[in-house]
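The values are calculated or read from the model by the stated rules, or taken from the named source; none is laboratory data. Values in this document were obtained by computation on a predicted structure and should not be read as measured data. Every residue, glycine among them, receives a Cβ derived from its backbone with ideal geometry; neighbour counts consider all protein chains shown. For accessibility, only protein heavy atoms count, side chains too; no ligands or nucleic acids. Shrake-Rupley method; radii C 1.70, N 1.55, O 1.52, S 1.80 Å.
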Amino acid sequence: MAQQSVGDGTQARTDEGPIIWRRPSRTGLVFSAMSFAAALVPSLLPRPLIFLLLLTTVGTVVGYAFGTFAGWLAGKIPWVRHHQGPQWAGWLIAGVTWLAALAFTPISVGWQAEQQSALDMPNALPSSIVLVSVTAIAAALLLLLGRALRLATRAIAAQVCRIPPLARRVANQPSATRPRTVLAVRILTAGMFLLIGYGLVLAGFTLLVSSYNQVNADTSGQGPANGDNSGSSASLASWETLGREGRYFVGNTMSPEAIAAITQQPAEVPLRLYVGMQQGETYQARTNLALAELDRSGAWDREYLAIIAVTGTGWVDPDAINSLEIVTGGALASVAVQYTAVPSWIGFVLDPQTTQDQNANTINAILQAWRAKPADQRPELILFGESLGAFGSQSAWPAGSSPSQVTKEISHVIWVGPPAESRLWKQWQADRTAGPAWQPVIDSGDIARIFINNDELTQAPPLNGPAITFSAHPNDPVVYWSPDLLFNRPAWIEPPLGPGVDPHIRYFPIITYLSLGMDLISGGGPPEVGHNYSGDIGPAIALTVNPPGWSPEKTAAMDSALPGLHYPTG
């Protein structure tokens, strides 16, 4: 029977051997097998090879950790401790569970292949042997790393307990209370490791943000904007600090000739205004500059004013702004405000408040200025938000707002690929009056409508009045990934499933949350799959704005022309 030092010279007896080589937990093995199998069940999108292996590894380790803890906790219950069966029974159950998981592996790989084919997302798939082997090796390494850290924590704590003042204090304590002191030292040591890890992550994040800021500041490859656009010689927003995405945006305004070639009607010169994150230290300062640009450029005299809620890097989708300028015949001023230079997924996970603050401040300030204009001399307002922009712009209204309240002054609203935690999308989805969670009916459906593909958008009749258009694919993980998935079965996974959702999808606590998290970063899909809305944006804007004289034929002509109108962006 092995003995182990606890740091104060006393010896603790254990039947398990040294921590790092301790035999595995039988309960942990059972749960790890179940988690491994759950990680193989299809998610909203097929997974690239590296993400499939990463998910099975993480699922196996998480299952083992949970099972080990559950077994330890159950062992603290007297009744369970006195009614345990023979050890061989536990090993038998663990073996049978893993055999079932291994038998399921080739079936799940086949499902992945079927999903790839159905969504036109071909990717390499491992053989069952490779999948199991890599997962086993990676999970074992992670487990050994965890045990090594635990061993290091105990070793450091033992040395700390030998420091003379603390050693005397421990020696003078009654033997019954010594383990508590030692445990406290171990907890503090573990906390030190966590702080070191946090510091390393923070340093890495700081370097990452710095690299994106450097990219954002790059001014090569383009000259200043012309006309009244931001970045021009007349602008209050200088070209040098406009940001890379801002420079792409203002430097590629559509010409009246290009618009007229699509609409077959005379067109005006559109106006594009942009404020870069470097042009104001606070969101209020950036909003103030945007208002000054609106005043300076005569934007209030346009027929339409579009507020563009940008994504994390400050990106404005070329399809979106080009569609807006085509549909309005160029009689449009558009304004966008950048708030960060990092990609949307980083901003959403680590700093969702910034996009909410900036968008809410900008939208409400523009509305206040718009109200001050004579009612017969102010432009019609349009709001467009895609992805993180949809998330941030919905914060301009308080929780509980209705579609009629949102469109009281902004009569045309387009939200594309709204993240699951978007304030109004989440509320209206939960409070739907009919329909499935992936295509809810909001109130009576006479203002806000949800469309799941291009065909629905092109065939739907326009509304005579205010309109809110959501474009949300049923298999878009951005639209459905939420912390609620950790322990709550989502409504969108209930039958009938949305088009494009694999019929083998199932819900598992924690695992489904991790699966959709992997889907977020696993790469883009073809048009109308996942978070790719390139085929939906033009028809969504045409349906929502629907100016006099617009027709389905013009929507089709615009949709055909948009790919050729793309310009470089970051």
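Of the residues Val182, Ala375, Ser127, the one whose Cα sits farthest towards the positive end of the charge dipole of the chain is Val182 (charges of +1 on Lys and Arg Cβ, -1 on Asp and Glu Cβ, taken about the Cα centre). Each Lys and Arg Cβ is given +1 and each Asp and Glu Cβ -1; about its Cα centre, the stretch 282-369 then shows a dipole of about 160 debye. When you restrict to C-alpha pairs under 8 Å that are six or more residues apart and normalise by the size of the stretch 199-262, the relative contact order lands at 26 percent.
Binning the C-alpha pair distances of the stretch 22-175 at 5 Å intervals from 0 yields a P(r) profile of 2, 8, 13, 16, 13, 11, 10, 8, 6, 4, 3, 2, 1, 1, 0 %, listed from the shortest bin outward. The aspartates and glutamates whose alpha-carbon is closer than 12 Å to the alpha-carbon of Lys373, local same-chain residues fewer than 8 away aside, are Asp295, Asp301.
In units of 2.2 N^0.38 Å, what is the alpha-carbon radius of gyration of the stretch 459-570?
With N residues counted in the stretch 459-570, Rg over 2.2 N^0.38 Å equals 1.32.
Accessible surface computed residue by residue for the chain, with neighbouring protein chains in place and a 1.4 Å probe, gives 46 Å² per residue.
Using square roots of five times the C-alpha gyration tensor eigenvalues, list the equivalent-ellipsoid semi-axes of the stretch 299-373 in whole Å, biggest first.
Equivalent ellipsoid of the stretch 299-373: 25, 17, 7 Å, largest first.
Centre-to-centre separation between the Cα atoms of the stretch 251-296 and those of the stretch 369-399: 15 Å. In straight-distance terms, cross-link reach from Lys76 covers every one of the aspartates and glutamates whose alpha-carbon lies under 20 Å from its own, apart from those fewer than eight places away in the same chain; here that gives Asp15, Glu16. Estimated at 0.36 nm per residue, the fully extended path between Trp88 and Leu144 surpasses their Cα-Cα distance by 17.7 nm. Listed by chain and number, the lysines whose C-alpha is less than 29 Å from the C-alpha of Lys554, apart from same-chain residues fewer than 8 away, are Lys408. Let me know the Kirkwood hydrodynamic radius for the stretch 345-418, please, with Cα pairs as the basis and the value in Å to one decimal. Computed over Cα pairs of the stretch 345-418, the Kirkwood hydrodynamic radius comes out at 13.1 Å. Its residues counted as N, the stretch 258-358 yields a C-alpha radius of gyration over 2.2 N^0.38 Å of 1.18. In the chain, taking the dipole from charged Cβ atoms about the Cα centre, the farthest positive-side position among Gln439, Ala148, Ser32 is held by Ala148.
Three semi-axes describe the equivalent ellipsoid of the stretch 183-289; taken as square roots of 5 times the Cα gyration tensor eigenvalues and ordered largest first, they are 47, 15, 13 Å.
Using the rule -39500 (n - 2.57) for each DSSP H run of four or more residues, divided by the residues of the chain, the 222 nm mean residue ellipticity is -16000 deg cm²/dmol.
Just to be sure I understand the curve: with the Debye formula and one point per C-alpha of the chain, what is log10 I(q)/I(0) at q = 0.12 Å⁻¹? For the requested q values the scattering log ratios are -1.15. Hey, how much of the P(r) for the stretch 75-133 falls beyond 14 Å, as a percent of Cα pairs? The calculated P(r) of the stretch 75-133 puts 69 percent of pairs beyond 14 Å.
In a simple Cβ point-charge model (Lys, Arg +1; Asp, Glu -1; nothing else charged), the chain has a dipole of about 3860 debye relative to its Cα centre.
Viscosity 0.692 mPa s, temperature 37 °C: Stokes-Einstein D of the stretch 273-331 from its Kirkwood Cα radius, in µm² per second? If you can, show how the numbers build up before the last one.
Details: Rh = 12.7 Å.
Once the numbers are plugged in, D ends up at 258 µm²/s.
Among residues other than Ser522 with Cβ under 13 Å from its Cβ, the summed charge is -1 (Lys and Arg +1, Asp and Glu -1).
Rounded to the nearest 20, the Cβ-based charge dipole of the stretch 324-471 about its Cα centre (Lys and Arg +1, Asp and Glu -1) stands at 280 debye. With the charge dipole of the chain set up from +1 on Lys and Arg Cβ and -1 on Asp and Glu Cβ about the Cα centre, the Cα lying farthest toward the positive end among the listed residues Gly329, Gly314, Ser233 is that of Gly314.
Using the empirical formula 2.2 N^0.38 Å as the baseline, the Cα radius of gyration of the stretch 469-532 reaches a ratio of 1.07.
For the stretch 419-465, the equivalent ellipsoid built from the Cα gyration tensor has semi-axes of 19, 13, 10 Å, listed from largest to smallest. With only alpha-carbon pairs counted, each pair once and no self-pairs, how large is the Kirkwood hydrodynamic radius of the stretch 291-440 in angstroms? This gives a value of 15.9 Å. Treating each Cα of the stretch 420-512 as an identical point scatterer and ignoring solvent, apply the Debye formula and state log10 I(q)/I(0) at q = 0.23 Å⁻¹. Per q value, in the given order, log10 I(q)/I(0) is -1.31. Given R0 = 51 Å, the distance between the Cβ atoms of Ala124 and Ala375 translates into a calculated FRET efficiency of 0.25. Here the chain carries DSSP beta bridges of which approximately 15% are antiparallel, counting only pairs with both residues inside. Structural descriptor for the stretch 313-439: relative contact order 22 percent, calculated from alpha carbon pairs under 8 angstrom and at least 6 residues apart.
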